[in-house]
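A.B. asks: One structure follows; several queries about it will come next.
The values are calculated or read from the model by the stated rules, or taken from the named source; none is laboratory data. Because the structure is a prediction, the values reported are computed rather than measured. Every residue, glycine as well, gets a Cβ built from its backbone with ideal geometry; the counts of neighbours run over all protein chains shown.
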Amino acid sequence: MRILFVAFLIVIAHSLVAQSDVPKWNLEKCMAYALDNNIAIRQATLNQQLNKNNYTQSYLNLLPSVNGFISNDLTNGQQFSIAAFRVVNQTTTTFATSLNGDLTLFSGLQQVHNILKSKSDWNAAKFDLEEAKNTVALNITTAFLQIMLNKEILKVAENQKAISVVQRENIEKRVKNGMLPEANLLDVDAQLARDEANIVSARNSVELAILTLRLILQLQPEEKFDVEIPVISGDIAAGLSENTTLSTYNTAVLQQPSIKAAMARLKSAELQKKMAWGALSPSISLSYSLYDYYTNQQKQLDTASGEYVTTPIRKQFTDQFRKGFAVNMSIPIFHRWQRVTNIQNAKINVQNQVLQVEQSKNNLLQTIAQADANARAASESYFSSRKSYESAKRAYEAQEKRYNAGVSGNLEYQTAKNNLATAESEMLRNKFTFIFRKKVLDFYNGQAITLN
């Protein structure tokens, strides 16, 4: 017995050390970690950066374009020779360079509208990022509260087992004294087995809930993780908002990023339509070019020898250097009806975005109405289950006194005990359901998600 007791202490100490090594995260830390590591948020961040680059490029499109050109050509065959003034078999080498610049002065305000459109697309991407963060925050809150609920249910199961252990000790004494038959001891042993099974089931539920939160956070399998359970004190229903669905909607419609994103995309579609109309306008541009040329077939008379020799490259570059400046106007006349089709499609896209805004508002109103109904229904369920728990607790306490006094039997006592456990679990489930429903409703009223 002494050896077993020492071994038991070693196991308990090792378990406590292992548990102390596991870092505990509160809700705020979970959300902060998800902002940096959640895949959906990272994708939304990259999309926002892409749209920001497009917005910057729309401004840079106002700058002139400059291109350089270099060509070196080698040709062999029958060619006309100016020096010999006849067709000869010769090799011709040419080398040409040019520098061209182009600046658009006017193109139906397409560039201006493109800047405004790119800005609207960037704003929509930023609102999409906010929406992704909100979605992840709600998912984390749901998973976090589920862990809290499952841990509370685990405590209930452990308390029930502790009660059964005490009950077994009392029954064992009575059996030894001949006050109760041995069958009562077998009944309580069976109850202990059921309590142990309930503990195992509750512990598995805790592990599954923690796994769900790990997946949302994208934690690596080797990382140790547990949650820090906050203390929720006071009446949890005291802060239930009395706002109606309409007043909550009027607040949310001005704040929710999903609505802002839809409005930004509508503005982008309207600017796209203006760009399509601008394509029907003439465009005016300036162009400037520098050009130089060399060939080995350009000859000059060598006064010393009286023969024609290739003109030196420096002289050719000096003599053949040319500059050009032009004002260009392009007038669209007919392009297979493409410009008109683009205008028609742009109009349809505007109408579609108008419907998308209305759909987003309708979805928001429906979500808020459902959240309000869920919160109030959860509040009623919580208060009802709390009354049921209090009644079950009083019934259990009364039955416990009767049982200890030998007035009632084991069956009545076990029934009251199981009813208390069921009522307490149901109350806890309704409690955490209501907390989440209330947090969702508070979120649409513009309040931050927190369990403090």
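A.B. asks: Go through (1) part of a helix (DSSP H, G or I); (2) in contact (Cβ under 8 Å) with a residue 12 or more places away in the chain; (3) surrounded by fewer than 17 Cβ atoms within 10 Å (Cβ to Cβ) one by one and return the number of the condition residue 366 breaks.
C.D. replies: With (1) part of a helix (DSSP H, G or I); (2) in contact (Cβ under 8 Å) with a residue 12 or more places away in the chain; (3) surrounded by fewer than 17 Cβ atoms within 10 Å (Cβ to Cβ) applied to residue 366, the lone miss is (2).
A.B. asks: Sticking with this one: Within region 307-337, track down each residue that is within 24 Å of residue 284 (Cα to Cα) and among the polar types (S, T, N, Q).
C.D. replies: 328, 330
A.B. asks: Is region 26-33 home to any residue that is within 26 Å of the chain's Cα centre (by Cα), modelled with pLDDT of 95 or more, of a type in the set (Gly, Ala, Ser) and assigned by TED's automatic domain parsing to the domain that holds residue 133?
C.D. replies: Looking only at region 26-33, we keep the residues that are within 26 Å of the chain's Cα centre (by Cα), and these are 26-33.
In the following step, the residues that additionally are modelled with pLDDT of 95 or more were identified as none.
No, that holds for no residue.
A.B. asks: Here's something else I'd like to know. Determine which member of the set 422, 367 is closer than 24 Å to residue 152 by Cβ and touching a helix residue (DSSP H, G or I) at 6+ places or on another chain (Cβ under 8 Å).
C.D. replies: 422
A.B. asks: Still on this structure, please answer the following. If residue 200 meets every condition in (1) surrounded by 20 or more Cβ atoms within 10 Å (Cβ to Cβ); (2) closer than 23 Å to residue 420 by Cα apart from one, which number is that one?
C.D. replies: It is condition (1) that residue 200 fails.
A.B. asks: Which residue, of 373, 304, 346, is in contact with a helix residue (DSSP H, G or I) (Cβ under 9 Å, 6 or more places away or on another chain), without any contact (Cβ under 8 Å) to a residue 12 or more places away in the chain and not polar (S, T, N, Q)?
C.D. replies: From the options 373, 304, 346, the qualifying one is 373.
A.B. asks: Conditions: (1) under 28 Å from residue 445 (Cβ atoms); (2) more than 30 Å from the chain's Cα centre (by Cα); (3) at pLDDT below 90; (4) surrounded by 14 or more Cβ atoms within 10 Å (Cβ to Cβ). Residue 434 meets all but one. Number of the miss?
C.D. replies: (2)
A.B. asks: Next up: Among the residues of region 58-117, how many are assigned to a strand (DSSP E or B) and either on the phi > 0 side of the Ramachandran plot or of a type in the set (D, E, K, R) (or both)?
C.D. replies: 4
A.B. asks: Looking only at region 349-362, decide whether some residue is of a type in the set (D, E, K, R), assigned to a strand (DSSP E or B) and exposed (fewer than 12 other Cβ atoms within 10 Å of the Cβ).
C.D. replies: no
A.B. asks: Taking region 241-273 only, how many residues are surrounded by fewer than 18 Cβ atoms within 10 Å (Cβ to Cβ), at pLDDT 90 or above, touching a Leu at 6+ places or on another chain (Cβ under 8 Å) and not in a loop (DSSP other than H, G, I, E, B)?
C.D. replies: Residues in region 241-273 being surrounded by fewer than 18 Cβ atoms within 10 Å (Cβ to Cβ), at pLDDT 90 or above, touching a Leu at 6+ places or on another chain (Cβ under 8 Å) and not in a loop (DSSP other than H, G, I, E, B): 0 in total.
A.B. asks: Can you go through 333, 284, 343 and tell me which one is of a type in the set (Val, Ile, Thr) and part of a helix (DSSP H, G or I)?
C.D. replies: Of 333, 284, 343, the one residue that is of a type in the set (Val, Ile, Thr) and part of a helix (DSSP H, G or I) is 343.
A.B. asks: Give the residue, chosen from 101, 77, 68, that is farther than 30 Å from residue 30 by Cα, of a type outside the set (Ser, Thr, Tyr) and touching a Pro at 6+ places or on another chain (Cβ under 6 Å).
C.D. replies: 101
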